[in-house]
Amino acid sequence: MSVWRCKYSGLLFALCCSAPSLAASTLLADASELAQMSLDDLLRVEVLVASRYAQPLADSPASVTVIDRSELRQQSYRNLAEALASVPGVYLSNDRNYTYLGVRGFNRPGDYNSRILLLTDGARRNDPLYDQAQVGNEAPIELDWVKRLEFAAGPASAIYGANALFGIANAVMLDGGDINGMRLSVDSGSGHGKRLGLVAGQRIDSERDWFFGFAAYEARGKDLYFAEFDNGSTDGWARRSDGEKYHKAYGKLRLGNWRLTANFSARDKDIPNAAYQTAFGESGTRTLDQHGLIDLAYDGQLANGWQQQFRAFTGSYRYDGDYRYAGPVDNRDQGRANWVGGEYRLAVTTLPDHKLMFGAETQWNTRLEQRNFDVAPAASYLDVKHPSHVYGFFVQDEWRFHAQWLLNLGWRYDRRSDYSAMASPRAALIYQPSQAMTVKAMVGSAYRAPNAYERFYDDGALQKANPALLPERIRSAELAADFRLGQGGRFGVSVYRNEMRKMIDQVLDPADGLSVFTNQSRVLGRGVELHAEERWASGYRLRGSVSRQLSRLADGSELGNSPRLLGKLVFGAPLAAGWTAAGEWQGMSSRRSLSGHVSGFGVFNLVLTAAPLGKLGELALGVYNVGDRRYLDPASAAFTPDALAQDRRQFRLRWTLPF
């Protein structure tokens, strides 16, 4: 099933940032052109995430959702996670430190999104130490820098290797030509939050283009009440201990066929809920996440009609966790990762009815270090170093053997320094009897090797190591159909089955009371997703989805943090005097927690955007959880509460000024 979520920002929106005198007229023209776009135009869009090269959405061998710049702006999503939560079958949970992404009923509490692959312009962003795809405020990039967000559901190790089990999120980043000037944004919001953002860029000529983005954010956070700690020694209130701040920078330079990208981010978050048995109500428990990436890429044609692409990259990740215990004892948890690697691809489209791609990539994890020690009084509990490397080869053939039939076959071979070789196949048969109908039958297999944290972390007090962990694998089968209804409507349905073997899960060892990662026998997930969309020439739009899913362990018990029902409704509407309204409703059924269940809920968000005011820019007011609904997410074993309360009603006022 291909789900197209295009609101079409277009070149006119980018041009509004280059001159204040054009800002108002350009944004109004954008809305007008959006209303006039037909679904035929939208279906011609090309996506990158499913096959590592541009292809029409209907030809992609996966269920792909695309959210473009216009929707990201109009819905006023605050980070990648909020945008991805609008995708069918995707849901979020949060422990007031990190945001976790669930896909098709799978979101283990405490799992750091290691079964989701995060890309920016096709570059891998999962670090090799924890395998985490960070998508909340901790993400290495800002949505202000994203031109299009693509999400492909299902396994894709056949071309991407590890981590691509349940889905791939690819952020296609802005180019200088999308800006042609400079834009400043200032935010103020709930929790004493303040944010400053800057994007600038220029297309110099057809061969040269540059882009730069910067963002800084700080929030004191709200005072939070936890009934579990209202026990006489404390009153249950965590005051001034939910603060957060970050700064991020991103730059891209294009010279002909060459592209150089650099990115740095640092996020510091206070933890208010006494994670890992820390002292409740005392400041000083916090985490720091830093990401760095330098990526050099080339994309050009060879004389024989083949297209070659190669990349060289180096990355780094730093984690510091400061934990304040009673006594007082100050403990520090550290993680360090450095890596270098490269990738080479060849593609040919000159063969009759075939598009072939061959590729190879390698990565050396030159530094994978974990430490745990008490700062005062001094004591060391963990100091391990386990560098590693991996290389892989992959091939894909897109064969149009009939005008209405397309067969996509992919296969990859991966060899890791600490595990035997693994092969990952994928196949998709696509039938398109007309422009109004597409049917896809897809099967695939994917894997994830245990990361260094799961295998080697041992602090002697809460968690122990398990070097004997084995890779987990998933087999998936999916049947999807997409139908056009009239001139402005679409309807789609997808039925899938996922079987995971040797799932890596954290359990409590009754022999010593310590947490340890082990391989579980089997997890089976089944589900069906329905989606529909309608667009009107007057500018109104409405889109909704319903997902029914069931995930069970080998013993027949229901998987934790796995809602059976998800529902979503996203809309946009022009108002009087040039104002626009956009919003979404998201709901899910109850979920199993470690010792019980958390209730289902529904949350409504609303954004009002004023008409552009020329040199005075644009104002947008976002209200999140409009109904002030109280709802909870299941917690991992790291927390005393079985479930953690999420944010009630929040506000954000954004002023955007083009130069």
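The values are calculated or read from the model by the stated rules, or taken from the named source; none is laboratory data. None of the values given here were measured: they were computed from a predicted structure. Positions of Cβ are generated from backbone atoms using ideal geometry, with glycine treated the same way; all protein chains shown enter the neighbour counts.
What the table below lists for this structure:
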read-out: Candidate set from region 235-274 (those that are surrounded by fewer than 21 Cβ atoms within 10 Å (Cβ to Cβ) and aliphatic (A, V, I, L, M)); member that is nearest to HIS192 (Cα to Cα); value: ALA266
read-out: Among the candidates ASP628, ASP642, residue that is in contact with a Lys or Arg (Cβ under 7 Å, 6 or more places away or on another chain) and acidic (Asp, Glu); value: ASP628
read-out: Among (1) within 30 Å of ARG52 (Cβ to Cβ); (2) charged (D, E, K, R); (3) surrounded by 15 or more Cβ atoms within 10 Å (Cβ to Cβ), the one test that ASP353 misses; value: (3)
read-out: Selection from region 252-279 of residues that are aromatic (Phe, Trp, Tyr) and modelled with pLDDT under 95; value: TYR276
read-out: Complete set of residues in region 185-233 that are at negative phi and not in a strand (DSSP E or B); value: SER190, ILE204, ASP205, SER206, GLU207, ARG220, LYS222, ASP223, ASN231, SER233
read-out: Hits in region 567-590 - residues which are in contact (Cβ under 8 Å) with a residue 60 or more places away in the chain and either surrounded by fewer than 16 Cβ atoms within 10 Å (Cβ to Cβ) or more than 18 Å from ASN625 (Cα to Cα) (or both); value: PRO574, GLY578, THR580
read-out: Single match in ASP223, ASP270, ASP209, ASP230 (criterion: in contact with a strand residue (DSSP E or B) (Cβ under 8 Å, 6 or more places away or on another chain), within 30 Å of ARG311 (Cβ to Cβ) and among the acidic types (Asp, Glu)); value: ASP209
read-out: In region 573-615, the residues that are in contact with a Leu (Cβ under 6 Å, 6 or more places away or on another chain) and in a strand (DSSP E or B); value: ALA581, GLY583, TRP585, MET588, VAL598, LEU608
read-out: Residue within region 451-461 that is closer than 17 Å to VAL384 by Cβ, among the hydrophobic types (A, V, I, L, M, F, W, C) and in contact with a Leu (Cβ under 6 Å, 6 or more places away or on another chain) present; value: yes
read-out: Strands (runs of 3 or more DSSP E) (entirely within region 441-536) containing at least 3 residues that are among the hydroxyl-bearing types (Ser, Thr, Tyr) and buried (at least 17 other Cβ atoms within 10 Å of the Cβ); value: none
read-out: Residue check, GLY622 under 16 Å from ARG78 (Cα atoms) and assigned to a strand (DSSP E or B); value: yes
read-out: Residue among ARG367, ARG371, ARG455, ARG448 that is closer than 23 Å to ASN498 by Cα and basic (Lys, Arg); value: ARG448
read-out: Residue among ALA441, ALA446 that alone is of a type in the set (Gly, Ala, Ser), within 27 Å of GLY102 (Cβ to Cβ) and touching a residue at least 40 places away in the same chain (Cβ under 8 Å); value: ALA446
read-out: Residue match in region 283-303 (condition: buried (at least 17 other Cβ atoms within 10 Å of the Cβ), under 30 Å from TRP399 (Cβ atoms), of a type outside the set (Asp, Glu) and more than 24 Å from the chain's Cα centre (by Cα)); value: no
read-out: Residue in region 345-352 that is within 20 Å of PHE264 (Cα to Cα) and touching a residue at least 12 places away in the same chain (Cβ under 8 Å) present; value: no
read-out: Scan of region 522-545 for residues that are hydrophobic (A, V, I, L, M, F, W, C) and either farther than 30 Å from ALA620 by Cα or in contact (Cβ under 8 Å) with a residue 40 or more places away in the chain (or both), ordered by number; value: VAL523, LEU524, VAL528, LEU530, ALA532, TRP536, ALA537
read-out: Pick from region 234-244, criterion acidic (Asp, Glu) and in a strand (DSSP E or B), ranking: nearest to the chain's Cα centre (by Cα); value: GLU244
read-out: Residue tally, condition more than 16 Å from LEU92 (Cβ to Cβ) and modelled with pLDDT under 95, over region 620-636; value: 0
read-out: Residue in region 365-404 that is surrounded by the most Cβ atoms within 10 Å (Cβ to Cβ), counting only those that are hydroxyl-bearing (Ser, Thr, Tyr) and over 30 Å from MET422 (Cβ atoms); value: TYR381
read-out: Residue in region 410-422 that is outside any strand (DSSP E or B), touching a helix residue (DSSP H, G or I) at 6+ places or on another chain (Cβ under 6 Å) and surrounded by 15 or more Cβ atoms within 10 Å (Cβ to Cβ) present; value: no
read-out: Residue in region 537-546 that is surrounded by the most Cβ atoms within 10 Å (Cβ to Cβ), counting only those that are modelled with pLDDT under 95 and not polar (S, T, N, Q); value: ARG543
read-out: Residue among ALA158, ALA81, ALA164 that alone is part of a helix (DSSP H, G or I), touching a Pro at 6+ places or on another chain (Cβ under 7 Å) and crowded, with 22+ Cβ neighbours inside 10 Å; value: ALA158
read-out: Members of region 554-566 that are crowded, with 17+ Cβ neighbours inside 10 Å and either free of Cβ contacts under 8 Å to residues at least 60 places away in the same chain or not hydrophobic (A, V, I, L, M, F, W, C) (or both); value: GLY560, ASN561, SER562, PRO563, ARG564
read-out: Residue satisfying condition, being in contact (Cβ under 8 Å) with a residue 40 or more places away in the chain and under 31 Å from the mean Cα position of the chain (by Cα), within set VAL384, VAL375, VAL329, VAL395; value: VAL384
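Condition check ((1) touching a Lys or Arg at 6+ places or on another chain (Cβ under 7 Å); (2) modelled with pLDDT of 95 or more) across all residues:
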{"position": "ARG311", "(1), (2)": "no, yes"}
{"position": "PRO328", "(1), (2)": "no, no"}
{"position": "GLU343", "(1), (2)": "yes, yes"}
{"position": "LEU351", "(1), (2)": "no, no"}
